[in-house]
1. Which ones in region 85-109 are part of a helix (DSSP H, G or I) and among the charged types (D, E, K, R)?
2. What are the residues in region 77-99 that are out of contact with any Phe, Trp or Tyr (no Cβ under 9 Å at 6 or more places or on another chain) and either at pLDDT 85 or above or at positive phi (or both), if any?
3. Could you check LEU75 against (1) more than 24 Å from ASP97 (Cα to Cα); (2) within 17 Å of the chain's Cα centre (by Cα) and say which number it fails?
4. So in region 47-88, with the set limited to residues that are out of contact with any Lys or Arg (no Cβ under 6 Å at 6 or more places or on another chain) and of a type in the set (S, T, N, Q), which one is farthest from LYS23 (Cα to Cα)?
5. Here is a list: ALA66, ALA46. Which entry is among the small types (Gly, Ala, Ser) and either touching a strand residue (DSSP E or B) at 6+ places or on another chain (Cβ under 6 Å) or touching a residue at least 12 places away in the same chain (Cβ under 8 Å) (or both)?
6. List, please: which pairs have Cβ atoms under 6 Å, are six or more places apart or on different chains, and start with a residue in region 121-146 that is surrounded by 13 or more Cβ atoms within 10 Å (Cβ to Cβ) and end with one that is at pLDDT 95 or above and hydroxyl-bearing (Ser, Thr, Tyr)?
7. Failed condition for LEU50, given (1) modelled with pLDDT of 95 or more; (2) hydrophobic (A, V, I, L, M, F, W, C); (3) in contact with a Cys (Cβ under 8 Å, 6 or more places away or on another chain), with all others met?
8. Is there any pair with a first residue in region 1-20 that is in contact (Cβ under 8 Å) with a residue 24 or more places away in the chain and of a type outside the set (Lys, Arg) and a second that is part of a loop (DSSP other than H, G, I, E, B) and buried (at least 20 other Cβ atoms within 10 Å of the Cβ) whose Cβ atoms are under 6 Å apart and which are 6 or more apart or on different chains, and what are they?
Amino acid sequence: MTDVAFHFGAPDRLAYTCRLLRKATATGVRLLVRSSPAEAAALDAALWALSPTDFITHCDAAAADAVRSRSSVLLVQAGDAEEALDTRFPILVNLADDVPEDFEQFQRVIEVVSTDEQDRSLARVRWKQYTERGYTITRHDLKARGEGA
C-alpha cells in the first residue's frame, strides 16, 4: 500500500519543496512533482536557481524519454490532458489541489501544505479522501520540527 504523508506548516511552500527535493535526490531517489502550471514554472525556475553544488536534474512532462530517464525530478502539471504519472519516479510530491488519479501506483505520496488557510482547507479535503480509501497518513508538523521557517 502506498505511504501517504502530509507536511504541514510550510510558510514558503516552494522553498520547502526545493529543500525536500534536494534532500531526497541526494539519496538517489527520483520524484515526480504534480502541481498547477504556475507552480510548475516557479518550481522549475527555483530549481535552476539553486547553487551549482545543489543542482537537481529535472524536466517537465514534455521532455523526451532520454531526458526523463536521466532526471531526478519530473514536473507534471495537474489537469493536463496528457498528465502521465510516470512510475519510474517512485515518490509523488503533490502540490495540486486534488488527489491525483492512480496515486496508488507510487510507493509514497507527499503532500506539501503551506500556512495559507485556503491551502490548509484543500489539504483537509485531500486528507479525508485518502482516509476514506483506507490509507493511514503520516503527519509532519513543520513548525513543531523547526522546519517551517
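1. Answer for region 85-109, where residues must be part of a helix (DSSP H, G or I) and among the charged types (D, E, K, R): just GLU104.
2. Filtering region 77-99 for residues out of contact with any Phe, Trp or Tyr (no Cβ under 9 Å at 6 or more places or on another chain) gives 77-84, 86, 88, 93, 95-98.
Residues satisfying the conditions are GLN77, ALA78, GLY79, ARG88, VAL93, LEU95, ALA96, ASP97, ASP98.
3. (1)
4. By that ranking, first place goes to GLN77.
5. Working: ALA66 fails: either touching a strand residue (DSSP E or B) at 6+ places or on another chain (Cβ under 6 Å) or touching a residue at least 12 places away in the same chain (Cβ under 8 Å) (or both).
Within the list ALA66, ALA46, the selection yields ALA46.
6. Hits for this filter: ILE137/TYR130.
7. Only one criterion in (1) modelled with pLDDT of 95 or more; (2) hydrophobic (A, V, I, L, M, F, W, C); (3) in contact with a Cys (Cβ under 8 Å, 6 or more places away or on another chain) is unmet by LEU50, namely (1).
8. Going by the 6 Å Cβ cut-off, the qualifying pairs are THR2/PHE106.
The values are calculated or read from the model by the stated rules, or taken from the named source; none is laboratory data. Since we're looking at a predicted model, the values are computed, not measured. Positions of Cβ are generated from backbone atoms using ideal geometry, with glycine treated the same way; all protein chains shown enter the neighbour counts.
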